[in-house]
Structure formats: structure tokens, C-alpha cells
1. Quick check: pseudo-label points 7 Å beyond the Cα along Cα→Cβ at Arg147 and Arg121, how many nm apart are they?
2. Compute the separation of the alpha-carbon centres of segment 66-93 and segment 32-63 and state it in Å as a whole number.
3. What accessible surface, in Å², does a 1.4 Å probe find on Phe40, ignoring ligands, DNA and RNA and rounding to the nearest 10?
4. Once label points are set 7 Å from the Cα along Cα→Cβ at both Arg219 and Asp198, what is their separation, rounded to one decimal in nm?
5. Non-local amide H neighbours of Arg219 (under 5 Å, H modeled in plane, Pro and chain starts lacking H): which ones?
6. Using a 1.4 Å probe, what is the accessible area per residue for segment 68-164, in Å²?
7. Whose amide H sits under 5 Å from the amide H of Cys93, counting only residues 5 or more places off or on another chain, with H placed in the peptide plane?
8. Rounded, prolate or oblate: pick one for segment 30-111, where a ≥ b ≥ c are the square roots of the eigenvalues of its C-alpha gyration tensor, a/c under 1.5 means rounded, and failing that, prolate if a/b is larger than b/c, else oblate.
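The values are calculated or read from the model by the stated rules, or taken from the named source; none is laboratory data. Source: prediction; values computed, not measured. Glycine gets a Cβ as well: all are built from the backbone with ideal geometry, and neighbour counts include every protein chain shown. Each accessible area value is taken on the protein alone, full model and side chains, heavy atoms only, with ligands, DNA and RNA left out. Shrake-Rupley method; radii C 1.70, N 1.55, O 1.52, S 1.80 Å.
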Amino acid sequence: MPPPRSPDAPTLAELRRLTEPAGLGAGSGAGTEAVPTLPFGVAELDAALPGGGLARGALHQIHEGGPRGRYAATAVLFAGGILARLDGPVLWCLHSRDLFAPALARVGLHPDRVVYCETWRDAEVLPAMEEGLRHRGLAGVVGELTRMTLTPSRRLQLAAEGSGVTALVVHRLCAGEAADPEPSAARTRWRVAPAPSDSMNRRTDRHIGRPRWRLELQRSRGGSPGAWIVEACDAQGRLAVPAGLADRPAAPERVQRRAAR
């Protein structure tokens with residue numbers, strides 16, 4: 001006799017829904033509407049995503065690269081810029097007290113729109129996110145997590161699909177703590193890190209322009225992974241391609257190797 005089914009085990013219908021290409025559902029036909037998306041406004045980036053933008057009503061993961069990945073400051077700004085271009089309040093499930101509201105305002109997400117949930121631990125963040133995703137009036141739900149396994153990610157993805165609310169998970173890990181991200185049901189997985197500014201402009205102009213990010217799409221269901229150098233989100237939450245890099249992809253990231261001791 002087979003063992004009793006765990007309540008967390010996915011049903012066959014759930015597995016089908018999670019593994020189908022973006023825009024298709026169980027029993028979908030030619031007239032099925034595509035999944036609504038939020039374009040970034042950067043042609044190369046939008047072309048890599050199914051439907052020409054970030055899928056709404058879905059789960060997305062954001063990792064931060066670099067030595068200060070635990071604070072995830074760049075990842076937080078990337079998430080804030082996405083939510084700035086959606087209408088409605090945002091539920092933000094905190095991992096610590098270091099979220100800087102004025103920085104979110106600079107990328108278009110005004111503090112008046114944000115409801116802060118003091119959760120602190122992964123075990124509290126995940127159920128708070130799932131509960132928030134049931135409220136259709138929210139623009140999005142953000143959760144700051146150190147790790148997320150497959151089953152919780154599946155629950156968040158299904159909750160986002162059911163309500164149409166976008167879910168963003170910001171991972172707070174130092175570079176090198178996890179060799180590879182754990183499998184998840186998220187539609188996309190991103191890695192963002194600060195990038196050097198234009199050295200020529202630094203010599204000739206004292207004006208400090210927009211910071212640059214290296215934005216990497218590591219996984220996209222139905223899309224094409226890639227990497228780009230972009231200018232950070234502006235006051236409307238929009239990215240841009242630096243003029244000198246408009247026709248060039250991001251260079252491969254250098255891997256620093258430490259000598260064995």
C-alpha cells in the first residue's frame with residue numbers, strides 16, 4: 001500500500017500548471033489570453049522574456065551579486081523599480097530593520113504605498129507572503145528570504161496566479177554562501193550587481209549620473225537567459241541602456257579565484 005499523501009505534495013494539475021510555457025494553462029486553446037506582462041522598456045531585455053515583459057501574477061526571484069549581497073541593496077532597488085510601475089499598495093515582508101524608504105522613493109516607490117510586515121524569519125515571511133498574495137487589491141508582495149525551497153515557492157506561485165498579484169523574493173545572501181540557487185517554481189530568476197560607471201565621463205564631467213547595474217536573467221520559463229549592463233531605475237522605476245553600450249551585450253563576468261592555501 002502506498003504511503004499517505006503529504007498535504008504539501010503537489011497534485012498532478014498543479015504540476016502541469018507550473019511546467020507549462022508562459023501564457024498557456026491546462027486545457028487552454030487558441031483563444032486563451034496571454035499572461036499579462038510588465039515591460040521594462042529596454043528592447044533587448046523585453047525580447048528575452050515571454051510576452052515582452054515580466055509576467056504579472058507570478059513569482060520572481062532576485063539575487064544580489066558582489067561582496068555586499070547580504071544587504072541586497074541593489075536587489076531591493078530593482079524590486080522597488082518594478083513595483084513602482086504597478087498600481088496599488090505593496091506588502092513588504094521584512095527580514096531586518098535596514099530597509100531604507102527614501103531609497104525606494106528615488107526609484108519611484110513612495111513610502112505611502114508600502115505596508116511593512118515585521119516578519120524577520122523565513123518561517124514567518126513565507127506564510128505572510130502567501131496570505132498577502134490572496135488580496136487582489138495589492139500591486140505586489142515582496143519577501144526578504146535567506147533561502148526558499150521548492151514547496152514554498154510552488155505555494156507562492158499558485159497564490160500569485162490565483163489573485164494576479166506579483167510576488168518578488170529578494171534573497172539576502174553573501175556571495176559564495178550558496179553555490180547554486182535551489183530549484184523553485186518561480187517564473188524568472190534574476191541576479192543584479194553594481195557595475196562600474198563610464199570612466200571617460202568621470203574624467204570629463206563632475207556630474208554624477210545614474211548608477212549602473214549588471215542585470216542577469218539566469219532563468220526564465222519560456223524565455224532566453226542573458227546579461228545586460230543597464231542604468232539603474234530612475235524616479236519612475238524605469239531602466240535604461242547606457243548610450244555607449246546600446247549595441248553591446250554585457251561582458252562575461254569575471255570569476256575571481258583564490259589561491260589554495
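1. Each label point lies 7 Å from its Cα, and together they span 1.5 nm.
2. 16 Å
3. 10 Å²
4. Roughly 3.6 nm, to one decimal.
5. Under 5 Å from the amide H of Arg219 lie the amide H atoms of Arg189, each far enough along the sequence or on another chain.
6. On the way: 4310 Å² over 97 residues.
With the other protein chains kept in place, segment 68-164 gives 44 Å² per residue.
7. Here Cys117, Val142, Gly143, Glu144 satisfy the definition.
8. Values: a/c = 2.13, a/b = 1.70, b/c = 1.25.
Here segment 30-111 falls in the prolate category.
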